[in-house]
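Structure record follows, encoded as structure tokens.
The values are calculated or read from the model by the stated rules, or taken from the named source; none is laboratory data. Keep in mind that this is a model prediction, so the values were computed, not measured. When we count neighbours, we look across all protein chains shown, and the Cβ atoms used for this are built from the backbone with ideal geometry, even at glycine. Surface accessibility is based on the protein's heavy atoms, side chains included, excluding ligands, DNA and RNA. Shrake-Rupley method; radii C 1.70, N 1.55, O 1.52, S 1.80 Å.
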Amino acid sequence: MTAVQDVPLARQFVDWAYALRDEAAPEPVRQALRNCLLYNLTMGLAVDPADDPLGDVLASVARAPGASRLLGGRGSRSACDAAFINAGLITARGQNDTHPEVVTHIGCIVIPAVLALAEEAAPEDIWDALLLGYELIPRLALGLAGQTSRQGFRATPLYGVLGAAVACARVLRLPPAQAVSALAIATQHASGTLQPWVDGSQEWRLQVAKASRDAVSSALLARAGMQGAPRCLEGGSGFARAYAGPAGPAAMADAKALADWHLPRMAFKPYPGCAFNQAPVHALRALLATIDAGQVVAVDLAMHPLDAAYPGIDAHGPFATPSGAIMSAPFMLAATLQDGQPGMAHFTAQFGQGPLHARSAMVKVRACESVNRWACRLSLTLADGTVHTGGCEGDFVLDARRTRELCRDVAREWPGGPAGFADLARAVRGQDWPALRAAAYDGPAYDRPVNPSAVLTSPI
């Protein structure tokens, strides 16, 4: 009998993940998966092309024809390009599901990758593949994410492409050996730094789109017979050591053994913008229920040191692109002071010069060891010198009812509005794939299609 330690780590991960079955998972896990699917599709459908020039740019390099459908009546593409475009849509609002322990957005990569390959798949394979992606990615990341983030790598694309590649292999019903190759191939695609958040540039959305597309292509290459390195994860020149240093392989092996479920831990952003800024906005909104926002002259925001130090969090505008505003706690709090909460219009139309930045200048972000991760404490100073304090622990893990309420509010921005959302919510709740496809792909489209002027004149 082969000792476990002699089995390559990639094969151990694949064998564990391939044994997962949605129908056998505990009901809270299954419900959390449905919540995640509803949330991510809602966000992807709430992107108006008229407000999304970056989406036009991304679509301009993803033009291969095929039968895989695009969200919101945008047509169809090859499986790789459909994953690329749909992932870019789902992450466009900066409003993603988040695994707090590894600071990783999972659905924006896994869902478009699996759905791009699901046109002919059996429904049970689709649900099993989605479950696999959500449960595998945290296990791949838990032992390494802290170190890789300190070295400047963004966890979402780095680990997302790995788990999504195995999820794609599962929806294609590839044998385990080919799934290992898909995972190995995906390690060659793993990439993405945190510098875009420092400079306020736009590659963050490309990172997600690319990871989803690369997951699809990794599985397709494995199916076609491409061989991957069996010890792609723990080898002397493998993923774990390359990205996390000498301790990486052992740390990843230890994380694999964790037995609890991760889906019920997924948190949802109530507002567009960075996950670290959700609690500050929530805390400020609570204070403004009894305070005149116009009387606020100073805002002191205390955050956990790791949160406060995340690239872009303490930045003040004006910004060169919406990306800087999406990460900025001062900007998001200024938008809340001005209009009650941040919305997409703030990020798309007010990131540059304008009066919003005068409000953001009154916000000071500081690190505080006594504040929990993802939480905050706020102190508002009013014009009369009085100080009002509040806080939020940042628990945005939502049950089914609150998920539907949040998504219903966002869906008011869809062309189909409440009726279209009701169709999608009903299809997700009933795990009805034909109805879900219709709601996600065939609903009323926005008035403006992809901008032809952004399409490149030569193929990429």
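Using the Cα gyration tensor of region 130-260, with a ≥ b ≥ c the square roots of its eigenvalues, what is the shape: rounded (a/c below 1.5), prolate (a/b larger than b/c) or oblate (neither)?
Because a/c hits 1.5 or more and a/b fails to exceed b/c, region 130-260 counts as oblate.
If I model a spin label at L382 and S201 as a point 7 Å from the Cα along the Cα→Cβ vector, what separation in nanometres do I get?
Distance between the two pseudo-spin positions: 4.6 nm.
If you count only protein heavy atoms and use a 1.4 Å probe, how large is the accessible surface of R69, to the nearest 10 Å²?
Accessible area, nearest 10 Å²: 80 Å².
Which of the lysines could a cross-linker span from K364 if the Cα-Cα distance has to be under 29 Å and same-chain partners fewer than 8 positions apart are dropped?
Within the straight-line cut-off, K364 pairs with K269.
Pairs of alpha-carbon atoms within less than 8 angstrom and 6+ residues apart define the contacts here; what relative contact order does region 1-110 have, in percent?
23 percent
Under a crude label model (7 Å from the Cα following the beta-carbon direction), how far is D6 from D292 in nanometres?
It is 7.9 nm.
Once fully extended, how much extra length lies between T321 and D15, figured as 0.36 nm per residue of separation less the alpha-carbon to alpha-carbon distance?
So the extension gain works out to 105.8 nm.
Expressed in nm to one decimal, what extension gain is obtained for the pair S237 and A259 from 0.36 nm per residue of sequence separation less their Cα-Cα distance?
5.1 nm
How large is the accessible surface of L406 in square angstrom, using a 1.4 angstrom probe and rounding to the nearest 10?
Here the residue's solvent-accessible area equals roughly 20 Å².
On a straight-distance basis, which aspartates and glutamates could pair with K210 in a cross-link, Cα separation under 17 angstrom, same-chain partners fewer than 8 positions away excluded?
Cα-Cα hits under 17 Å: D56, D81.
Reported to two decimal places, what Rg/Rh ratio describes region 275-392 when computed on Cα atoms with Rh from the Kirkwood expression?
Ratio of gyration radius to Kirkwood radius for region 275-392: 0.94.
At 10 °C and a viscosity of 1.306 mPa s, what translational diffusion coefficient does Stokes-Einstein give for the chain, taking Rh as the Kirkwood radius over Cα pairs? Give it in µm²/s as a whole number.
71 µm²/s
Can you show me the helix-derived [θ] at 222 nm for the chain, built from DSSP H runs with n ≥ 4 at -39,500 (n - 2.57) apiece and divided by the number of residues, rounded to the nearest 500.
Value at 222 nm, helices only: -15000 deg cm²/dmol.
Read phi for every residue in region 20-35 and hand back ³J(HN,Hα) as whole Hz from Karplus 6.51 cos²θ - 1.76 cosθ + 1.60, θ = phi - 60°, with x for Gly and Pro.
Per residue, the Karplus-derived 3J(HN,Hα) values read 5, 9, 4, 5, 9, 6, x, 4, x, 5, 5, 5, 4, 5, 5, 4 Hz.
If you restrict to DSSP beta bridges whose two residues both lie in the chain, what percentage is antiparallel, to the nearest 5?
That works out to approximately 80 percent antiparallel.
Which value, in Å² and to the nearest 10, is the accessible area of V397 when all protein chains are kept and the probe is 1.4 Å?
50 Å²
If you rank D6, D432 by how much accessible surface each has, with a 1.4 Å probe, what is the order from largest down?
Descending order: D6, D432.
How far is it, in nm, from the label point at R437 to the one at R408 when both lie 7 Å from their Cα along the line to the Cβ?
Going by the 7 Å Cα→Cβ label model, 2.9 nm.
Can you compute the FRET efficiency between D339 and M226 using 1/(1 + (r/R0)^6), with r the Cβ-Cβ distance and R0 = 56 Å? Round to the nearest 0.05.
Calculated transfer efficiency: 0.65.
Please list, or write none, the aspartates and glutamates whose alpha carbon is within less than 17 Å of the alpha carbon of K256, excluding same-chain residues fewer than 8 places away.
Partners within reach: D6, D15, E101, E135, E234.
Can you list the residues of region 388-413 with backbone N under 20 Å from a point 7 Å past the Cα of K364, pointing along Cα to Cβ?
The answer is 388-392, whose backbone nitrogens lie closer than 20 Å to the label point.
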